[in-house]
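J.: Quick one: this structure, given as C-alpha cells, is what I'll be asking you about.
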Amino acid sequence: MANRTGMNRRAVPVVWVGLGLCLAVCPAAAGPKADLLLEKYAAVAEKIRVAGLRDETAFRMLEELTAKAGPRLTGSPAAARAVDLTRTMMADMGLETWLEPIMVQNWARGVEEARVMGSGPAGQAEPLRITALGWSVPTADSGLTAPVVEVRSFEELEKLKTPVKGKIVFFNRRMDPALMDTFWAYGEAAQFRVRGAAEAAKAGAAAVLVRSATMRTDGYPHTGMVQYDPQVPRIPAAAVATADADRLSGRLRRGESLSVFLRLGCRNNPPVPSSNVVGQIRGAERPDEIILLGGHLDSWDLGTGAHDDGAGCVQAMEAARLIKDLGLKPARTIRVVLFMNEEFGSSGGRDYAAAARRKAEKHLAAMESDRGGFLPLGFGIGGPPAVFEKLKAWEPLLRPSGILWVRPGGGGSDIGPLAASGTIPMAFIPDAQKYFDVHHSALDVLNSVHPRELELGAVILAIMAYGLAEEGI
Ligand SMILES: [Zn+2]
C-alpha cells in the first residue's frame, strides 16, 4: 500500500504538468489554422457547452419522443406520431420545418413463440425467448416443429454431414469479446442474422434461429433485419436470447437430438406513405450551402428506440436549438434531417438525396449520430485526405467537450447517398462498449440513456455545425 501511495504522490504533479503543457502547446502543435479557429471560436464553443450541460434539453426531448410516440417501427402509427411530434418540436424552437413524403415498408410483428419440445426434466417443453427478425415471413398459423441443427459459420453449414432439409438451422455465432471495437464484433456476428435465412434456405431448411447480437448473456432477444435471396424460398427467421442460445447449444453438444416448435405471426403488409422530417436555421449569407445534422426517426419495436436512434434525433435537434437560443446567426444553413426507414434498408436517406429540391442545394457536410447516446469519444471525417487535413484543425475546439480524437473516416447509412455525390460525411463517435447490450432489444429505453452523456453529443454536433456553417469547408 505504501508503495502505491508513493506512486500516486509522484503521479499527481506529472498529470497536472501534462495538462498544463497540453493547454499551452496543443493548439500551436495543431498548426496555424487551428490557432486561428481556436481564437475565433473557443468562446462560442464554451457557451454552447455550458448552455447544453445546464439545460440537458436533449434528454427532455428524448423523454417526450419515447413517451408520446413510443416504439417507432417504420410504417406504424407510432412512427407517424413521431413525424408530427418532432416537426412540432422543431417548429416550437423557431426552426423552419417541412416534411418530405416517402413510401416505406410496413412489416408488423405478431404472435411469437418458441420452445424446445418435450425436453424439460419431466419431459415438458422448455420455452425459448425469441423475437422475429424484421421482414421475416410468418410460420403457418399453427407453427412448425422441426429438429434443430447448430452451426457457428456458413462454412460449417456447408460441411454438415447430415442434411438440414426441413430442419431449423440455429446460427450460434457469438460477438467476439476480444475486439475493442464493438461495431466490428457486431458486423461479424450480425451477418448470420442478415444472411442466415437465405443461406439455410439454399440447403432446404424450414426456418432459422439466430443468436442475438450482444455480448451480454441474458434473456432479451435482439431483433434486426433479415435479407432474403429472391432465388430461394423465404423461411421464417427469429433471434434467440443469448442465455437461451447457450442452454440450447449446451444440450445439443451433449448429444441430445432436439426439436423446436416455432410460431411467428409477423406480416409484410403493402408499403405506406411516411416522411423524412426537416428543420433548419436558414443561413444568413449563403442559404443554399447546407451543413446537415441527422439521425433516424424510425426504430425497432421491442424497446422505445431511445439510443437507436432517438438519441441521434434529439442530439441533432438539440444542436440546432443551442445555436438558435444562443442567438447565433450562421452564414450557411444548418439543417436537421430526421430520416425515416433506416432499419428496413435506409430508403429515407436515399430518397432524401434523390429528391428534386436537392438540385438547387449544396450540402457541404453531413453529420450523422447513430451509434447510441453515449459519452463522446471521437469524431470521424470522411471524404478526400486533403479535406481531412483541413478539418482536423477543429479538433482543439472539440477537446474541451470530451472529444479525444479526430480521425479520417466518417458517415453512416442515412448520409451515405449524399456522400456519394460529394458531400463530406462525418460521424460523431461515442463510446460504444455498452451499445450492443441494448441495441434492437427491449432494453433500448429511456433509462438506459444518461442525460449528460447524451447532451455532450449534441454539444459536439452544435460546435462542429456552427463552425462549419461559418467557415465552410
Ligand atoms: Zn440506428
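Rule-based calculations on the coordinates, nothing more; no lab input. A quick note: this is a predicted structure, and the numbers were derived from the prediction, not measured. Positions of Cβ are backbone-derived with ideal geometry, glycine not excepted, and every protein chain shown enters the neighbour counts.
J.: In nm, to one decimal, how far is the residue 91 label point from the residue 142 one, both placed 7 Å along Cα→Cβ?
T.: It is 5.3 nm.
J.: Take the Cα gyration tensor of segment 77-163, multiply each eigenvalue by 5, square-root it, and list the three semi-axes largest first, rounded to whole angstrom.
T.: Numbers: eigenvalues 398, 69, 33 Å².
The equivalent ellipsoid of segment 77-163 has semi-axes of 45, 19, 13 Å.
J.: Sketch the reach of a paramagnetic label on residue 447 as a point 7 Å from Cα along Cα-to-Cβ, and name the residues of segment 306-324 whose backbone nitrogen lies under 16 Å away.
T.: Hits in segment 306-324 for residue 447 at 16 Å: 306-307.
J.: Under a cut-off of 22 Å between alpha-carbon atoms, report the lysines in cross-link reach of residue 329, not counting same-chain residues fewer than 8 places apart.
T.: Excluding near neighbours in sequence, the set is 40, 47, 362.
J.: List the residues, sorted by chain then number, that are 5 or more residues from residue 125 or on another chain and whose placed amide H is less than 5 Å from its amide H.
T.: 118, 119, 120
J.: Can I ask one more? What fraction of the DSSP beta bridges in segment 106-259 is antiparallel, stated in percent and rounded to the nearest 5? Could the numbers behind the result be given before it?
T.: Values: 6 of 19 bridges.
Once the DSSP bridges in segment 106-259 are tallied, antiparallel ones form about 30 percent.
J.: Looking at the square roots a ≥ b ≥ c of the eigenvalues of the Cα gyration tensor of segment 141-189, which shape do they give, rounded for a/c under 1.5, prolate if a/b is larger than b/c, or oblate? Please report the intermediate quantities before stating the final value.
T.: Values: a/c = 3.98, a/b = 1.88, b/c = 2.12.
It is oblate, given that a/c is not under 1.5 and a/b is not larger than b/c.
J.: Using θ = phi - 60° and the Karplus curve 6.51 cos²θ - 1.76 cosθ + 1.60, what whole-Hz ³J(HN,Hα) does each residue of segment 77-94 get, with Gly and Pro shown as x?
T.: With coefficients 6.51, -1.76 and 1.60, one gets x, 5, 5, 5, 5, 5, 4, 5, 5, 6, 4, 5, 4, 6, 5, 5, 7, x Hz.
J.: Go through 178-185, 457-464, 144-151 and give me the packing order, highest mean Cβ count within 10 Å leading.
T.: Answer by packing, highest mean first, reads 457-464, 144-151, 178-185.
J.: Can you give the FRET efficiency to the nearest 0.05 for residue 67 and residue 217, using r as the Cβ-Cβ distance and R₀ = 30 Å? Each step should come with its number before you reach the end.
T.: Working: r = 30 Å, r/R0 = 1.02.
For R0 = 30 Å, the calculated efficiency reads 0.50.
J.: About the Cα centre, and with charges only on the beta carbon of Lys, Arg (+1) and Asp, Glu (-1), how big is the dipole of the chain? Nearest 20 debye, please.
T.: Numbers: 54 positive and 53 negative charges, 153 e Å.
Computed charge dipole of the chain: roughly 740 debye.
J.: Suppose every K and R has +1 on its Cβ and every D and E has -1 on its Cβ; what is the size of the dipole of segment 261-408 about the Cα centre, in Debye to the nearest 20?
T.: Values: 19 positive and 17 negative charges, 85 e Å.
For segment 261-408, the charge dipole is close to 400 debye.
J.: Can you compute the charge dipole magnitude of segment 356-442 about its Cα centre, using +1 on each Lys and Arg Cβ and -1 on each Asp and Glu Cβ, nothing else charged? Give it in debye, rounded to the nearest 20.
T.: Working: 10 positive and 8 negative charges, 65 e Å.
Using only the charged Cβ atoms, the result is roughly 320 debye.
J.: Continuing with the same structure: Under 1.5 on a/c is rounded, so check that first for segment 287-357, then, if it is not, pick prolate when a/b is larger than b/c and oblate when it is not; a ≥ b ≥ c are the square roots of the alpha carbon gyration tensor eigenvalues.
T.: Details: a/c = 4.66, a/b = 1.37, b/c = 3.39.
Because a/c hits 1.5 or more and a/b fails to exceed b/c, segment 287-357 counts as oblate.
J.: What ranking, highest mean first, results for peptides 340-346, 248-254, 427-433, 205-211 when packing means the other Cβ atoms within 10 Å averaged over each residue? Before the final figure, lay out the partial values.
T.: On the way: 340-346: 23.7, 248-254: 14.4, 427-433: 21.6, 205-211: 26.6.
Result, highest mean Cβ count within 10 Å first: 205-211, 340-346, 427-433, 248-254.
J.: Could you tell me the calculated FRET efficiency between residue 33 and residue 288, based on Cβ-Cβ distance and R0 = 25 angstrom, to the nearest 0.05? Walk me through the numbers on the way to the answer.
T.: On the way: r = 25 Å, r/R0 = 1.02.
FRET efficiency, residue 33 to residue 288: 0.50.
J.: Shifting gears a bit: Can you tell me the length gained on complete extension of the stretch residue 154 to residue 99, counting 0.36 nm per residue apart and subtracting the Cα distance? Mind showing how you got there, number by number?
T.: On the way: separation 55, 0.36 × 55 = 19.80 nm, distance 4.28 nm.
Separation in residues times 0.36 nm, less the Cα-Cα distance, equals 15.5 nm.
J.: Another question, then. Helix-only estimate, please: 222 nm mean residue ellipticity of the chain, summing -39500 (n - 2.57) across DSSP H runs of length 4 or more and dividing by its residues, to the nearest 500.
T.: Numbers: 14 runs with 177 residues, N = 473.
About -12000 deg cm²/dmol.
J.: Right, another one. Considering only DSSP beta bridges where both residues belong to the chain, give the percentage that are antiparallel (nearest 5).
T.: If I count the DSSP bridges inside the chain, around 50 percent turn out antiparallel.
J.: Between residue 356 and residue 326, what is 0.36 nm times their sequence separation minus the Cα-Cα distance? Round to one decimal in nm. Intermediate values should be presented prior to the final figure.
T.: On the way: separation 30, 0.36 × 30 = 10.80 nm, distance 3.31 nm.
Result: 7.5 nm gained on full extension.
J.: Expressed as a whole number of Å, what is the distance separating the alpha-carbon centroids of segment 64-143 and segment 144-211?
T.: 23 Å
J.: At R0 = 22 Å, how high is the FRET efficiency between residue 203 and residue 249 if r is their beta carbon distance? Nearest 0.05 is fine.
T.: Working: r = 20 Å, r/R0 = 0.89.
So the FRET efficiency works out to roughly 0.65.
J.: Taking θ = phi - 60°, what integer Hz values does the Karplus form 6.51 cos²θ - 1.76 cosθ + 1.60 yield along segment 358-370, in sequence order, with x for Gly and Pro?
T.: 5, 4, 8, 10, 10, 8, 6, 9, 9, 10, 10, 10, 8
J.: If you don't mind, another one. Which of rounded, prolate or oblate describes segment 219-339 when judged by the alpha-carbon gyration tensor and an a/c cut-off of 1.5? Intermediate results must be reported in sequence, preceding the final value.
T.: Working: a/c = 4.08, a/b = 2.52, b/c = 1.62.
Prolate.
J.: What value does the chain have for Rg/Rh, both radii from Cα atoms and Rh as Kirkwood defines it? If you can, show how the numbers build up before the last one.
T.: Numbers: Rg = 24.5 Å, Rh = 23.8 Å.
Expressed as Rg/Rh, it is 1.03.
J.: Cut-off is 10 Å between beta-carbons; in what order do 199, 46, 368 appear when sorted fewest neighbours first?
T.: 46, 199, 368
J.: Would you mind checking the tilt of helix 242-253 against the longest principal axis of the Cα atoms of the chain, expressed as 0 to 90 degrees and rounded to 10?
T.: So the inclination is approximately 40 degrees.
J.: Within 10 Å of each residue's Cβ, count the other Cβ atoms and sort 228, 352, 435 from fewest upward.
T.: 228, 435, 352
J.: Here is a follow-up. Going toward the positive end of the dipole of segment 174-225, with +1 on Lys and Arg Cβ and -1 on Asp and Glu Cβ, which of 201, 220, 187 do you reach last?
T.: 201
J.: Please name which of 73, 238, 94 has its Cα lying farthest along the dipole of the chain towards the positive end, using unit charges on Cβ (Lys, Arg +1; Asp, Glu -1) and the Cα centre as origin.
T.: 238
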